[in-house]
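Read through the structure below, which is laid out as structure tokens, and then see the notes.
The values are calculated or read from the model by the stated rules, or taken from the named source; none is laboratory data. In this text the structure is predicted, and so the values were computed from the model without any measurement. Backbone-built Cβ (ideal geometry, glycine too); neighbour counts: all protein chains shown.
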Amino acid sequence: MHALVRTLFRSLLAGVATLALAACGSGERAQQPPGSGDHFYDNFQTAVASVPNRDYDIYWLGREFSAGGMLFSGPHFPDFGGDVTESSVAFHYTGTRVSLELSFISPGYWPSVADRFTNQPGAISERVTVAGSDGQLLLIPGAGRPVNSATLIVILERSVVVASVNSTTTGGAGGVPDANPLIDVETFLAVTEELRPYPE
């Protein structure tokens, strides 16, 4: 199965420069270039501090990381419409018009929202190991591609970790969509291996 997954991703990346994407939910957030996220990082800190009694742990990747030759910065939390409660929080890291979405959910709250993440028609599901914990990797077709997005779910003792990426986004140079290096399975898993508790 892993060989099939790699083949699908290589096929995706080979043809991505000629394809357009209607990016669901990545528009405004994915336009923030690396290093411009101080305001949105302040938002993140304020949001996390606003729920001191949360019943889940938060993990992060520091202020920036590199993947596939691209620099990602964050964490970014929006001015409006952000999601932070005593049961869950969601934020993202931004590359060059592409992003990594992260959600952390209380294990007790997870059953009520799990279907939102796991019910993906046509998805290829694969069991993986991330930092010594079992996880589920969902590879989701769409927009004429065999794999258009990927979602990783890892259930820890105090958090359910959900990491999501889209293959490309609109708005690249000359109208050509930018490829997200995190759509590569090995790169995606290697980055999530680096998640560590916040605050450090």
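Structure values in brief
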{"read-out": "Filter result for Gly135 (at pLDDT below 95 and of a type in the set (Gly, Ala, Ser))", "value": "no"}
{"read-out": "Which listed residue is surrounded by fewer than 17 Cβ atoms within 10 Å (Cβ to Cβ) and either modelled with pLDDT of 50 or more or closer than 18 Å to Ile183 by Cα (or both), from Ala67, Ala30, Ala49, Ala23", "value": "Ala49"}
{"read-out": "Index of the failed condition, Gly81 passing every other in (1) surrounded by fewer than 17 Cβ atoms within 10 Å (Cβ to Cβ); (2) within 27 Å of Arg145 (Cβ to Cβ); (3) at pLDDT below 95", "value": "(2)"}
{"read-out": "One residue from Ser149, Ser88, Ser106, Ser159 being closer than 25 Å to Ala47 by Cβ, crowded, with 17+ Cβ neighbours inside 10 Å and modelled with pLDDT under 95", "value": "Ser149"}
{"read-out": "Only one of Leu139, Leu189 that is surrounded by 23 or more Cβ atoms within 10 Å (Cβ to Cβ), touching a residue at least 12 places away in the same chain (Cβ under 8 Å) and either in contact with a strand residue (DSSP E or B) (Cβ under 8 Å, 6 or more places away or on another chain) or among the aliphatic types (A, V, I, L, M) (or both)", "value": "Leu139"}
{"read-out": "Filter result (in contact (Cβ under 8 Å) with a residue 60 or more places away in the chain and under 13 Å from the mean Cα position of the chain (by Cα)) within region 149-169", "value": "Val161, Val162, Ala163, Ser164, Val165, Asn166, Ser167, Thr168"}
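Okay, residues lined up against (1) farther than 18 Å from Val161 by Cβ; (2) touching a helix residue (DSSP H, G or I) at 6+ places or on another chain (Cβ under 9 Å):
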| residue | (1), (2) |
| --- | --- |
| Phe44 | no, no |
| Val51 | no, no |
| Met70 | yes, yes |
| Pro75 | no, yes |
| Glu86 | no, no |
